[in-house]
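Just so it is clear, none of the values below were taken in a lab; they were calculated from the coordinates. Since the structure is predicted, the reported quantities are computational estimates derived from the model, not experimental observations. Every residue, glycine as well, gets a Cβ built from its backbone with ideal geometry; the counts of neighbours run over all protein chains shown.
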Amino acid sequence: MTGQPPALEARNVSRWYGNVVAVNGVSFAAGPGITALLGPNGAGKSTLLHMLAGLLAPSSGEVRVLGEIPRGNPGIYRRVGLVPERDTTYGFLTGRQYVRASAALFGLQEPDAAARRAIAAVGMEGAEDRPIATYSKGMRQRIKVAAAIVHEPEVLVLDEPFNGTDPAQRLALMDLFRRMATEGRTILISSHILEEVERLAEQIVVLYAGRLAAVGDFREIRRLMRDRPHTFTVRASDPRRLAACLVGDAAVRAIEFADDCVILRTTDFGSLTRFLPRAAKEHGIRIYELRPTDESLESVFAYLVGR
């Protein structure tokens, strides 16, 4: 334990606009690595990100970034990079001019060199002297990321950074964010592309209707869902005989067959994992594979938001 505060922290934070509550009593903390912020449209994700970036003040509660309140705090602004969902670029500027302007605003001593490094990091070297108005959506996203990382921030806040990017661009951005995370930076990313988030994030924060639905590793969240039967696929040397052995076990809720596999549903994960190898051994059945089939981020997200 270092005694240092979390890089990002929300403490019972709420934000409302008149009678509309956008964020309601949310608390979570995030440190170095990649945390994904998930939720349906209108769940309050952008509002929460804007509060963490210091663009909005909470109506109640408190947000802290690197141990300090970010709102009206230029010292924190210099340590944070923000990629908003909306376009914040100026079409008459070239990509190089836009990123260099960001470097100058952050007070970097060598803004030209910093801009070159950031543009190279997002793979925009061949288009940096074209006006941003001629860029595709994916190119504008990448130049926004370059402007956000030009000062090498300790914290990076990203609101739907993959919007409009093609598969190759998404993979390149994901590699960039992973490298930044391994350097000890804290990255909070909002994205609706669940399969990419599943490969990228170490922790998820799920908002639903402005409230916190869950926070943590999505696999652990799934295992804590006691009211949802877990589904497993089992490949075995004799699947029908194995199924007959399992029918009477109290932990097994349902059994199905698919090709040479047995699909099991259980409400007691621990009991099944103890009973299954014992039953297979007693009846001379070989287990080739046992894998969960509903522990994907997509299925966990669907459970949490009631889809």
**Inverse mean reciprocal Cα-Cα distance (Kirkwood Rh) of the range 143-251, Å** = 17.4
**Prompt:** Can you give the percent of C-alpha pairs in the range 1-67 whose distance is more than 17 Å?
**Reply:** 39
**Request:** At 7 Å along the Cα-to-beta-carbon direction for both A29 and D112, put a label point, then send me their distance in nm to one decimal.
**Result:** 4.5
**Asked** According to a simple spin-label model (label point 7 Å from Cα along Cα-to-Cβ), what is the distance in nm between D175 and D259?
**Response** 3.2
**Asked** So what does log10 I(q)/I(0) come out to for the range 76-119 at q = 0.23, 0.33 Å⁻¹, using the Debye formula with one equal point on every Cα and no solvent?
**Response** -0.88, -1.21
**Request:** Output ³J(HN,Hα) for the range 26-38: one whole-Hz value per residue in order, computed from phi by the Karplus curve 6.51 cos²θ - 1.76 cosθ + 1.60 with θ = phi - 60°, and x for Gly and Pro.
**Result:** 8, 9, 6, 9, 9, x, x, x, 10, 10, 9, 9, 10
**Request:** Using DSSP, restrict attention to beta bridges with both residues in the chain and report what percent are antiparallel, rounded to the nearest 5.
**Result:** 65
**Request:** Only helical DSSP H runs with n ≥ 4 go in: add -39500 (n - 2.57) per run for the chain, normalise by residue count and round the 222 nm mean residue ellipticity to 500 deg cm²/dmol.
**Result:** -10000 deg cm²/dmol
**Asked** Quick one: if the Förster radius is 51 Å, what FRET efficiency do K281 and D129 give, using the C-beta to C-beta distance and rounding to 0.05?
**Response** 0.15
**Fill in**
Percent of all Cα-Cα pairs per 10 Å bin for the range 49-178, counting from 0 up to the last occupied bin, reads 13, 43, 33, 10, 1
**Prompt:** Over the chain, how many percent of alpha carbon pairs lie in each 10 Å bin up to the one with the longest distance?
**Reply:** 6, 23, 26, 20, 13, 9, 3, 0
**Message:** Can you compute the modelled spin-label distance between N12 and S59, with each label point 7 Å from Cα toward Cβ, in nm?
**Reply:** 1.7
**Request:** Just add up the charged neighbours of H151: K/R +1, D/E -1, any other residue whose Cβ is under 11 Å from the Cβ of H151.
**Result:** +1
**Request:** Give me the compactness ratio for the range 227-294, meaning the Cα radius of gyration over 2.2 N^0.38 Å.
**Result:** 0.97
**Complete:** By Cβ neighbour count within 10 Å, fewest first, L171, L297, L290 rank L171, L290, L297
